[in-house]
Every structure is written in C-alpha cells, then in structure tokens.
1. Among (1) more than 23 Å from residue 80 (Cα to Cα); (2) in contact with a His (Cβ under 6 Å, 6 or more places away or on another chain), there is one condition residue 232 misses while meeting the rest; what is its number?
2. Report the residue count in the range 256-279 for those that are over 13 Å from residue 241 (Cβ atoms), in contact (Cβ under 8 Å) with a residue 24 or more places away in the chain and assigned to a loop (DSSP other than H, G, I, E, B).
3. Would you mention how many residues in the range 348-398 are closer than 18 Å to residue 442 by Cβ, touching a Ser or Thr at 6+ places or on another chain (Cβ under 6 Å) and either part of a loop (DSSP other than H, G, I, E, B) or touching a residue at least 60 places away in the same chain (Cβ under 8 Å) (or both)?
4. Answer yes or no as to whether residue 218 is surrounded by fewer than 18 Cβ atoms within 10 Å (Cβ to Cβ), closer than 18 Å to residue 197 by Cα and modelled with pLDDT of 90 or more.
5. Condition first: in contact with a helix residue (DSSP H, G or I) (Cβ under 8 Å, 6 or more places away or on another chain) and under 20 Å from residue 152 (Cβ atoms). Now tell me which residues in the range 47-81 satisfy that.
6. How many residues are touching a residue at least 12 places away in the same chain (Cβ under 8 Å) and over 14 Å from residue 86 (Cα atoms) when one looks only at the range 109-128?
7. Hey, among 329, 288, 316, 311, which residue is assigned to a helix (DSSP H, G or I) and not charged (D, E, K, R)?
8. Here are the criteria: (1) over 16 Å from the mean Cα position of the chain (by Cα); (2) crowded, with 20+ Cβ neighbours inside 10 Å; (3) more than 27 Å from residue 155 (Cα to Cα). Tell me which single one residue 241 does not satisfy.
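The values are calculated or read from the model by the stated rules, or taken from the named source; none is laboratory data. Note that the coordinates shown come from a computational prediction; the quantities given were computed from them, not determined experimentally. For neighbour counting, all protein chains shown are included, and Cβ atoms are generated from backbone atoms with ideal geometry for every residue, glycine included.
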Amino acid sequence: MGISVFGKGVARLCAVVATAKAAEFIDLVRSALKESPTIELRLDWLANDRERNKVLRWLRQHAPRKASFIATCRRSAGGGEYAGGPIEELEWLEKATEAGCAWSDLEIETLRELPGNSIRGRRLQRVMLSIHDFRGTPTLPEQMKPASRGGFAAVKVAAMSRKLSDSLRVLHLARGTSRVVAVPMGEIGLPARILALRQGSALLYAPVGAATAPGQISLHDLKKLYRAHELTARTRVFGVIGSPIGHSLSPLLHNVGYVAAKKNAVYVPFLVEKLQEFLSVVKDFGVAGFSVTIPHKQKIFKYLDECDPSAEEIGAVNTVTVGRNGQLAGSNTDYVGVLRALEGKLKLKGSRVLIYGSGGSARAAAFAMTKAEAEVLVCARRQEAAKELAAAVGGSVIKRRALRREKFDALINTTPVGMYPHEDSSPLDASELNCRWLMDLIYRPMKTRLLRMAERRRIHTVSGVEMFLAQGIAQWELWMGSPAPEAAMRRAILRTLVSEERQRR
C-alpha cells in the first residue's frame with residue numbers, strides 16, 4: 001500500500017479546527033499543533049469574510065514550516081457552513097493556498113457545479129475531493145468515479161453508518177491505496193473510525209474544539225486513549241457491545257491497562273442492537289474478545305460454541321473470547337465483581353439479601369450471593385422472570401409492595417434505572433430501603449440518586465464502581481493471560497468519575 005500521501009504515524013491524525021471567531025480559531029490551531037502536525041482549517045465555520053482573512057493573515061506570518069494544513073470552506077450544499085457559491089469557495093481555497101495551506105478539500109457538490117466539472121487553471125497545490133453522505137452509506141464506487149478521472153491527489157469518503165457492515169464498506173475503500181481517507185460517521189461507525197488508520201485510511205479526523213461531524217472523537221482521546229496512530233495489523237482488537245453504550249468506561253479501563261502493561265491491543269465500543277449483525281462482522285474487525293452488557297447478556301448464549309460452567313449455571317455471559325477459528329467462548333466475571341465488592345463489608349453467610357431486577361446482572365448477583373451462602377430474595381417488575389431467577393438459585397420472590405415492611409441485610413440494585421444520562425431517576429423510593437447495606441451496580445454516576453437516598457437514611461452504601469473494576473480487571477487478565485496493572489486502571493476510572501461528580505455540583 002505504501003505510506004499515506006499525508007505521511008505516517010501521528011501525522012495521519014488530522015486535528016480539525018472549527019469555530020466562529022478568528023482569535024479562538026488561532027488559539028485552537030496552536031493547541032492542535034502540540035498534538036499533530038496535520039491540521040484541517042474549517043474556514044466555513046468562521047463567522048464572516050473578515051474573520052477568515054484574519055486567520056489566513058496569521059497563517060501566512062506564523063505557520064510552522066513542518067505543519068501540513070488542509071483548507072476547507074465547505075458549502076451548505078456539501079454539509080458545511082459556508083453560504084457562498086462554488087466560485088467563492090474556490091477563491092477562498094486559493095487564498096488559503098497562498099497563505100501556506102498544502103492541501104485543499106473540495107466537495108463533490110462543488111465539482112459538479114463547475115464548468116466542465118473541472119478545477120483546471122485554479123491556483124491550488126494538492127486537492128482532496130470529498131464525498132459526504134449524512135443519511136447513509138451510498139453505492140460508493142459510483143460516487144468515486146469523478147475522483148478517478150479528475151487528477152485529485154486524494155479522495156475522502158465520509159458516510160453515515162446505519163449498520164456496522166456500512167462502516168466496513170467505507171473502510172474497505174482504503175485497501176491497497178495510500179490516497180483514500182475513509183470516514184465512517186455516527187455512533188455505529190465509531191469503532192471503524194478508531195480503527196481507520198489500522199485499516200489503511202490515509203487520515204483520521206479528530207476535533208480539538210467543537211465536533212464537525214457525527215461520531216467524532218476528540219484528538220486527545222484518539223491519540224492518548226486509543227493510540228489510533230500506533231495501531232497495526234498485529235494489534236489485538238477487543239471491545240464492549242451493548243445498547244446504549246456511550247456511557248461505558250470500559251474502553252478507558254482496558255486501554256489504560258494496555259498502555260501501562262505495554263500490550264499491543266485496543267478496546268473499542270460497539271453500539272449493537274442486533275447480535276447477529278455484530279457477530280457477522282467480528283472477523284472483519286479482527287475482534288479477539290468482547291464484553292457483553294445490556295441487553296445481550298442472556299441473548300448471547302445461543303451463539304456461543306462453548307461456555308464455562310459458572311456462566312452456564314448463572315445463565316448470563318458478560319465476557320466472550322473469540323478463538324483463532326472464530327469460535328465463541330463465553331464466561332462471566334460479573335459474579336466475581338459482586339463478591340469482591342461486598343466481601344469484608346458484611347458477613348454474607350446467613351444474611352438476607354434482596355436482588356432488585358431480573359436481567360443478566362441480577363443473575364450474576366443472585367448466584368454470587370448463593371455461593372456465599374446468603375438467603376436470596378428477588379424482586380422485579382417482570383414477575384415471571386423474578387420467579388425463574390428465584391427458582392434457579394433456591395431463593396424466593398418478594399413483591400414490591402412488601403418492601404416497605406420487610407428488612408434485609410443487603411439490597412442490590414441490578415437495574416439500569418438511574419444510570420447516566422438519567423441520573424435523576426431511582427428504581428426505588430426511600431421508604432423501600434429497609435436494609436443495612438445497599439449496593440447499586442450502576443457505576444456512572446459513581447453516586448446514584450438511590451445511593452444518596454440510602455445515605456440520608458444512614459444506610460451503608462457500595463458504589464457499582466467496585467464491581468465494575470473487579471469484573472473488568474478479571475476480563476483483562478483472561479484475555480491478556482497476565483496480571484493486570486490494577487493501580488493504574490483504578491486510578492484512571494476514579495479520576496474520571498470524581499471529576500464528573502465535581503462538575504455536577
């Protein structure tokens with residue numbers, strides 16, 4: 001394939017600068033240059049021609065020689081902010097070239113409006129033709145035909161991913177060439193976006209200020225958290241699947257561990273609504289293992305080739321390892337997390353523990369308490385599911401209306417009610433919290449409304465962050481085959497959660 005036309009390594013991380021005022025724009029450029037020498041200047045985002053001229057004057061006088069600037073003045077017809085016509089856009093690109101921009105980004109909509117569909121005679125250095133579709137992934141080869149006959153130095157294809165297979169179709173355009181920039185857009189396209197450089201894309205865009213396209217990740221996270229510019233064909237890919245998935249701190253937990261332990265691996269989030277659709281692309285993404293969260297912990301069973309006895313007994317899987325032959329092996333580290341979070345805080349043997357909920361996490365918690373020889377009671381909105389779980393662990397069902405008069409040694413909330421971004425919700429009322437200890441499996445926020453209610457009633461509380469750390473570290477060690485750098489992983493998670501708590505105050 002050869003080296004990308006934009007260079008290699010961190011130069012392939014393109015910082016995107018887009019804001020209305022020239023002074024702030026220039027400050028963002030300075031910040032971006034500390035992270036990458038490749039910068040896209042979104043001139044269309046500047047408020048007016050006066051602000052655009054200010055930026056270009058600064059660029060002409062102060063731009064570092066080793067930096068590579070891409071000028072973009074995208075019109076509204078191509079999904080940008082510029083209200084002018086195609087000739088005016090070209091004039092701004094020419095001014096940017098004179099000011100020191102090595103590249104110009106020209107959208108296909110503008111090319112189609114130019115005489116002869118050509119930019120011949122224009123004072124532009126190197127031009128990248130960009131094709132954007134914010135609605136879906138089009139028939140890409142047809143869209144790219146103008147690029148092949150136009151003499152463009154590179155082609156960018158940015159398309160909204162409605163399915164994971166859409167994002168792969170975009171990435172496949174970069175195979176065998178150094179001239180294609182592949183940009184899967186949207187939350188579904190996020191994993192492919194992170195892996196784009198690994199798959200051969202000439203560039204990977206990342207904002208330093210406001211995001212300019214759906215599904216963008218900040219330059220800092222792409223460089224520091226995902227190390228997108230360092231990923232190669234030998235990098236092992238792991239991830240977490242679920243819906244929703246944006247709240248998950250699993251990528252932070254695992255990736256910090258990889259950096260600390262110097263492992264050539266990356267962990268990415270997959271928004272998955274249909275399991276079959278995800279499993280059909282596991283091989284193409286090169287996934288070696290994945291965490292399973294809501295709502296797939298029980299649904300995944302029928303797709304497994306093998307399952308460890310504890311997960312089979314629990315009836316829920318939160319960890320899947322993909323063998324070299326593509327076979328899927330399931331296991332469960334959630335119950336380990338529950339045990340580690342509560343052991344040492346109260347005597348579990350003989351204690352009366354209420355499990356609130358009946359999903360995959362509830363099953364792990366119920367089996368963990370049964371193994372610790374506690375008396376397990378189950379309360380859930382779905383009565384049939386509550387009865388099935390209680391029967392599986394030799395426990396009993398309790399109806400919600402009885403919670404106000406019953407007493408428990410511990411209560412474990414396993415429902416997602418109160419999870420970010422709906423942290424003002426609570427699955428239970430204060431009058432229903434008649435226990436000595438309360439554990440909420442939600443870890444974001446670290447202190448849920450339910451936990452705050454319990455504290456006001458002088459109930460001892462356990463945050464779900466303890467379970468999250470324990471189960472995630474167990475996963476990490478299962479996949480890596482070596483001890484996890486627990487201190488670094490714990491520090492990163494707590495730092496993030498504490499910072500979020502301060503921002504809410």
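1. (2)
2. Final tally of qualifying residues: 2.
3. Selection size over the range 348-398: 4.
4. Details: surrounded by fewer than 18 Cβ atoms within 10 Å (Cβ to Cβ): yes; closer than 18 Å to residue 197 by Cα: yes; modelled with pLDDT of 90 or more: yes.
Yes; evaluated as a whole, the condition is true for this residue.
5. 68, 69, 71, 72, 73, 74, 75, 77, 78, 80
6. Here the count works out to 6.
7. None of the other options fit; the residue is 311.
8. Result: residue 241 fails condition (1) only.
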